[in-house]
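Undergrad: Take this structure first; my questions come after.
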Amino acid sequence: MSVTRSQFIAATTIVLSALIGSADPASADPITAFIFNNTAYEQTSSSAPTTPAFYFFNIGATQTAGDFNSASATYPGPGSPQSLPLMNPTEFNFGSPRITSSGALRAAYPFGTYSITTTNTMTSASTTGVINYTADYFTSTIPYLTNYGALNGLNPAATFTFSFPAFTPNPSVTQGFTFLTIYDATSGQIVTGDEFQPPSTTSFTIPANTLAPSHTYDFELDFSDRLNGPFVGNAFTAQGFDLRTNGSFTTAPAPSIGLGLPVFLAVGSAWFGARLLERKRNPTSRNQTVLTGAKPAPNGLLAAALIAIGFVKPRRHGAHLFNVA
């Protein structure tokens, strides 16, 4: 996934540009040029993953919508120059394919100068942000969900809390953020999430009925270190160093009462009608039963019989059919 949290960067750009102002009212607002180095893990158990699944790299820029309609980047790697597609009105973003090793990532996107230029092809106006990429500044904490074992079969009709460790940002960065995002595995759309939280955050609770029953979801927990650069030439810069852990889970099916109650009522009515008819035909039958010492079946035995033939579905202890914490 090529997710760079561009909405936050774009909002920062707008706020800072408003504070700084512009000598030329007709000029474009500042851009934020960015690069992101991403290491992705896959979680399949309650333990933290140890080996990266893949790597990827992002290059892009955010802008005020409509200022520019084209962007490109030059850098020391073999893919330079790289065209940056306009992903939405405020973001240009190129995301590399998945890369299988850190060595291959370094060869494709080496340290050096990354120049990102946005251009308005109608007016020929342009802005360039220059990033000096000299080192990687990842946190040492691998993200993972500490209660991963509770995900599969969770009851979507109840609240659920995702738990994960806090992290300490690399001392060389400007700031760190925690992101947890839940995606619909079928559509790929974001269902819910907790973004731009401080690195001390350790949980995120979703309300009941946020998720659907019997449905598969993907999650991504991201520990993001950010190195923000100075404002130069009408451009801000940002370098991101993200550790991301992905996984999936399937929710429990919705509880169903089935046909137990209707069938029980139907059988009960038929039995009661038969007894009335028998009493009318043979008024002494009940007295004879009492005199011979026969006892009516206890309620427990009747319930057990009904369960045995499927009229009542019992709630097994520990099965959590209707309430999964």
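Read the figures in this text as sums done on the coordinates, not as results from a lab. All values reported here derive from a predicted model rather than from experimental measurement. Every residue, glycine among them, receives a Cβ derived from its backbone with ideal geometry; neighbour counts consider all protein chains shown.
Undergrad: What does the charge count near THR250 come to, summing +1 for each Lys or Arg and -1 for each Asp or Glu among other residues with Cβ under 14 Å from its Cβ?
TA: After counting each charged neighbour, the total is -2.
Undergrad: Moving on. For SER46 and ARG98 in the same chain, what is the full-extension length gain: residue separation times 0.36 nm, less their Cα-Cα distance, in nm?
TA: So the extension gain works out to 16.2 nm.
Undergrad: Please find the FRET efficiency linking ALA125 to SER80, where r is the Cβ-Cβ separation and R0 is fixed at 22 Å, and quote it to the nearest 0.05.
TA: Details: r = 23 Å, r/R0 = 1.04.
The value I calculate is 0.45.
Undergrad: Counting other beta carbons within 10 Å of each residue's own, what order do ILE35, ILE190 fall into, fewest first?
TA: ILE190, ILE35
Undergrad: I would also like to ask the following. Suppose each label sits 7 Å from its Cα in the direction of the beta carbon; what would the ALA53-THR159 distance come out to in nanometres?
TA: Computed distance between label sites ALA53 and THR159 equals 3.0 nm.
Undergrad: Select from the stretch 29-111 those chymotrypsin sites (Phe, Trp or Tyr not before Pro) which occupy a DSSP coil region and have at most 13 other Cβ atoms within 10 Å, ordered by residue number.
TA: Details: sites: PHE34, PHE36, TYR41, PHE54, TYR55, PHE56, PHE57, PHE68, PHE92, PHE94, PHE111; in loops: PHE68, PHE111.
Those satisfying the criteria are PHE111.
Undergrad: Taking the number of other C-beta atoms within 10 Å as the exposure measure, put ILE31, ILE99, ILE59 in order starting with the fewest. Don't skip to the answer; put the middle values down first.
TA: Values: ILE31 32, ILE99 20, ILE59 28.
Ordered from fewest to most neighbouring Cβ atoms within 10 Å, ILE31, ILE99, ILE59 come out as ILE99, ILE59, ILE31.
Undergrad: Let me ask something else about it. Is there a quick way to get the dipole size of the stretch 6-250? I mean about its Cα centre, with the Cβ of Lys and Arg at +1 and of Asp and Glu at -1; what is the value in debye to the nearest 20?
TA: 340 debye
Undergrad: In addition: Taking the Cβ of each residue in ARG98, ARG244 as the centre, tally the other Cβ atoms inside 10 Å and list the residues starting with the fewest.
TA: Going from sparsest to densest Cβ surroundings: ARG98, ARG244.
Undergrad: Work out from phi, with θ = phi - 60° and the Karplus expression 6.51 cos²θ - 1.76 cosθ + 1.60, the ³J(HN,Hα) of each residue of the stretch 98-112, listed in order in whole Hz, and give x for Gly and Pro.
TA: For the stretch 98-112, the Karplus curve yields 4, 10, 8, 9, 5, x, 5, 5, 5, 5, 7, 9, x, 4, x Hz.
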